[in-house]
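Participant: Take a look at the following structure, please.
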């Protein structure tokens, strides 16, 4: 089973919420990807340790701690978010 448009997810806890919120986002830039484009191209995001993800194609920077909204660059869609839960730090991660 493949989850995510780019066969990958970004999973982590938001840094700004109390209690911390578990987030799961698609690894694909939603503003560059087109399901109808031929050939279909991948626009994977690069994740930084400071809680941001950047697209090398459109140069948008997304804030992973505040719902995946565009923090820098041209306005556009926020990241595709999935429901996620975990049983603990070393437990089972469920994403749907």
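The values are calculated or read from the model by the stated rules, or taken from the named source; none is laboratory data. In this text, all values refer to a predicted model and were calculated from it rather than measured experimentally. Every residue, glycine among them, receives a Cβ derived from its backbone with ideal geometry; neighbour counts consider all protein chains shown.
Participant: Hey, can you tell me all the residues within segment 79-91 that are under 14 Å from residue 10 (Cα atoms) and either free of Cβ contacts under 8 Å to residues at least 24 places away in the same chain or part of a loop (DSSP other than H, G, I, E, B) (or both)?
Facilitator: Within segment 79-91, 79, 80, 83 qualify.
Participant: Which one is nearest to the chain's Cα centre (by Cα), of the residues in segment 56-68 that are more than 15 Å from residue 8 (Cβ to Cβ) and assigned to a strand (DSSP E or B)?
Facilitator: Across segment 56-68, the extreme among qualifying residues is 63.
Participant: For segment 29-55, how many residues are surrounded by fewer than 16 Cβ atoms within 10 Å (Cβ to Cβ) and closer than 15 Å to residue 13 by Cβ? Even if it seems obvious, please write down each step before you answer.
Facilitator: Applying the first criterion (surrounded by fewer than 16 Cβ atoms within 10 Å (Cβ to Cβ)) to segment 29-55 yields 34-42, 46, 48-50.
Okay, now just the ones that are also closer than 15 Å to residue 13 by Cβ, so 49-50.
The total comes to 2.
Participant: Looking at 71, 94, 53, 37, can you tell me which residue is in a loop (DSSP other than H, G, I, E, B) and either over 13 Å from residue 5 (Cβ atoms) or out of contact with any strand residue (DSSP E or B) (no Cβ under 9 Å at 6 or more places or on another chain) (or both)? Show your work before the answer.
Facilitator: Details: 71 fails: in a loop (DSSP other than H, G, I, E, B); 94 fails: in a loop (DSSP other than H, G, I, E, B); 53 fails: in a loop (DSSP other than H, G, I, E, B).
Criteria check complete, one pass: 37.
Participant: Considering segment 1-38 alone, what residues qualify as being closer than 11 Å to residue 79 by Cβ and at pLDDT 90 or above?
Facilitator: Selection gives 9, 10, 24, 25, 26, 27, 28, 29, 30, 31.
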